[in-house]
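Contents: one structure, followed by commentary.
Each reported figure results from applying straightforward, stated rules to the coordinates on display, with no laboratory input. Remember, predicted model here, so these are calculated numbers, not experimental data. With ideal geometry, Cβ positions are generated from the backbone for all residues, glycine too; neighbour counts draw on all protein chains shown.
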Amino acid sequence: MGKAHFGLIGLGVMGENLVLNAERNGYSSVVYNRTYAKTEEFLAGRGAGKDIVGAATLQDFVGALERPRRILMMVKAGQPVDDTIDAISPFLEEGDLLIDGGNSLYADTDRRVAELERKSFGYIGMGVSGGAKGALEGPSMMPGGTKAAYDAIEPLVRKMAAQVSDGPCVTYIGPGGAGHFVKTVHNGIEYAIEQILAEAYDLMKRIAGMNGDQMADVLAGWNETEELASFLVEITEVCLRTKDPETGADLVEAIVDAAGQKGTGLWTVVSALEMGVPVPTIYAALNARVLSSLRPERLAAGALLPAPPAHSFSLGEPADGMAPLRDACIAACIVSYGQGMALLQEASKLHDYNLNFSAIGQIWKGGCIIRARLLQRIQNAYSANPTLANLVLDPWFAEQINRRLPGLRQVVAGAALAGIPVPCLSSTLDYIDSYRSGRLPQNLVQAMRDCFGSHTYERTDKSGSFHTEWLD
Ligand code: NAP
């Protein structure tokens with residue numbers, strides 16, 4: 001065998017599937033894994049009979065690759081990425097390029113791009129979404145970093161990516177950590193939509209008394225609509241329909257109600273706070289996971305803080321797709337994408353990423369976890385106005401929000417009276433009501449700040465900075 005076209009480091013769930021994807025697309029490959037036994041296991045299993053060879057050392061791995069070397073790292077984010085770069089760098093030559101396909105912190109990628117470019121290597125930080133199946137069959141990929149390095153891998157990644165009607169789900173995102181930042185925000189939106197659907201499930205179960213199959217039927221109907229058709233709605237239907245093989249009951253009811261949160265959701269919220277972009281629906285989803293993990297505390301609190309008296313309200317009828325609840329979910333999903341895109345707008349300005357929002361909408365249409373029919377509308381909105389400040393200001397989305405708001409209000413109000421938490425739905429309503437308000441009560445906040453700290457304030461009727469001796 002001649003030199004391989006492509007190298008993969010890290011035979012975890014994602015790496016294994018991505019290298020099979022590359023090989024299927026005509027790229028002979030060489031694989032390396034820190035623990036060699038895993039390499040042997042892979043070559044004897046899923047890698048058998050393929051144009052893939054293994055290397056026991058990084059030196060052999062590098063030696064087996066054609067130049068410029070195209071090396072994808074799929075290792076745990078954080079220190080393992082730096083360790084891998086340090087270990088492989090002595091064997092690399094000018095022009096070789098490294099791609100980090102893990103969920104790295106974008107600031108780490110900024111640093112690594114600068115360091116590797118100083119050594120005349122190309123470095124790409126590439127968000128990859130789609131889980132194991134997507135990695136094998138075609139993920140959505142968000143590469144950023146050295147542009148020349150992207151040009152060298154473009155034919156490969158365009159073949160590997162999910163394909164939608166207007167092209168592959170991959171594009172050069174921007175310099176430095178732009179690709180990883182976009183993937184981070186993608187995951188923040190993912191957190192929000194998962195939580196929105198979980199809140200809908202909770203209401204259908206507790207207020208409408210529906211079982212898994214009945215709820216799944218509603219979700220199946222939602223998945224037929226332009227506004228909600230999506231991968232996450234599709235898998236929610238599957239999850240709700242699945243039975244526990246041991247008991248025959250709905251499996252979801254046997255699962256412990258505590259969810260963890262990994263780096264990307266947290267990074268989305270931290271970045272948003274740092275950049276001064278409100279993302280309350282995404283933040284609410286992150287908090288909901290954190291709070292859910294306090295299970296023993298919640299159980300103890302329930303004994304001391306009883307629920308309000310039973311309160312019933314209408315979520316609509318299954319025959320009409322639970323219209324108010326469906327509308328609440330549509331509004332919240334639109335707002336989740338909108339908050340994510342607003343954060344990307346700010347990051348693009350701050351870091352000179354020069355993001356193309358229409359292209360981001362396009363590459364999220366296939367392969368990734370937040371793929372949804374709505375992304376075509378998002379793509380259209382940013383094509384029409386590349387500097388759109390907020391998705392809800394686009395005419396099509398504004399009309400949607402106005403149409404869905406009565407349902408959202410009805411559901412949030414009913415849930416509040418019933419004592420059922422709907423953090424993402426209620427945050428969405430607060431967000432819209434705040435965002436559309438010409439006058440907010442922060443005038444009083446400014447007065448208090450001037451009162452205790454002489455922070456001064458501006459007036460509505462004249463320009464300048466004013467101070468009042470409030471406590472005299
Ligand atoms: P993972 O469990 O996150 O990572 C496993 C791989 O990392 C193994 O090959 C492991 O080698 C290697 N590794 C761990 N520590 C290392 C170190 N200090 N030095 C060198 N190698 C080290 O696998 P994964 O789920 O496939 O994820 C890979 C990356 O993709 C992560 O950043 C993850 O967040 C991201 N990602 C995952 C998904 C998903 O659905 N799983 C989706 C998108 C992105 P050993 O075999 O020797 O332990």
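Could you please report the charge total around G176, scoring K, R as +1 and D, E as -1 over all other residues with beta-carbon less than 13 angstrom from its beta-carbon?
Net of charged neighbours comes to -3.
Mind giving me the FRET efficiency for K76 and Q446? R0 is 51 Å, r the Cβ-Cβ distance, nearest 0.05 is fine.
Computed FRET efficiency for K76 and Q446: 0.65.
Check the straight Cα-Cα distances from K38 and name the lysines below 19 Å, setting aside those fewer than 8 residues away within the same chain.
Within the straight-line cut-off, K38 pairs with K50, K76.
Quick one: work out Rg over Rh on the C-alpha atoms of the chain, Rh as Kirkwood radius.
1.02
Would you mind getting me the FRET efficiency between E94 and E115? Use the beta-carbon distance for r and R0 = 22 Å, nearest 0.05.
0.90
Quick check: pseudo-label points 7 Å beyond the Cα along Cα→Cβ at D352 and T247, how many nm apart are they?
So the label points at D352 and T247 sit 5.9 nm apart.
Which stretch or stretches of the stretch 219-256 have amide N atoms under 20 Å from the point lying 7 Å from D166's Cα along the Cα→Cβ direction?
226-231
Using a Förster distance of 35 Å, how high is the FRET efficiency between Y435 and K133, based on the Cβ-Cβ distance and rounded to 0.05?
Calculated transfer efficiency: 0.45.
Starting from the Cα gyration tensor of the stretch 183-435, take the square roots of the eigenvalues, sort them a ≥ b ≥ c, and report rounded, prolate or oblate (rounded when a/c is under 1.5, otherwise prolate if a/b is larger than b/c, else oblate).
prolate
Summing Lys, Arg as +1 and Asp, Glu as -1, what charge do residues with Cβ under 13 Å from the Cβ of C451 carry, C451 excluded?
Here the count lands on -2.
Given contacts defined as C-alpha pairs under 8 Å and at least six residues apart, what's the relative contact order of the chain, whole-number percent?
Answer for the chain is 13 percent.
What is the extension gain from Q214 to D60, computed as 0.36 nm multiplied by their sequence separation minus the C-alpha to C-alpha distance, in nm to one decimal?
The span from Q214 to D60 would gain 49.8 nm if fully extended.
With the cut-off at 1.5 for a/c, could you classify the stretch 331-472 from its C-alpha gyration tensor as rounded, prolate or oblate?
Oblate.
Taking the DSSP beta bridges in the chain as the whole, what percent of them are antiparallel, to the nearest 5?
For the chain, the DSSP antiparallel bridge percentage is about 35.
For the stretch 281-354, just the Cα atoms, rotate onto the principal axes and tell me the three extents in Å, largest first.
Sorted from largest, the Cα extents of the stretch 281-354 read 53, 39, 15 Å.
Please sort 173-185, 450-462 by packing, taking for each peptide the average over its residues of neighbouring beta carbons within 10 angstrom, highest first.
173-185, 450-462
Non-local amide H neighbours of R371 (under 5 Å, H modeled in plane, Pro and chain starts lacking H): which ones?
So R371 has HN proximity to F231.
Take the Cα pairs of the stretch 6-176, get the Kirkwood Rh, then feed it into Stokes-Einstein at 20 °C and 1.002 mPa s and tell me D in µm²/s.
Diffusion coefficient, whole number: 137 µm²/s.
Return the lysines within reach of K365: Cα separation strictly under 19 angstrom, same-chain partners fewer than 8 residues apart disregarded; answer none if there are no such residues.
Once the sequence-local lysines are set aside, what remains near K365 is K133, K159, K183.
Modelling each spin label as a point 7 Å along the Cα-to-Cβ direction, I'd like the K147/D51 distance in nm, to one decimal.
Those two pseudo-labels are separated by 3.1 nm.
Just subtract the alpha-carbon distance of A384 and R158 from 0.36 nm times their residue separation and send over the number in nm, one decimal.
Result: 78.8 nm gained on full extension.
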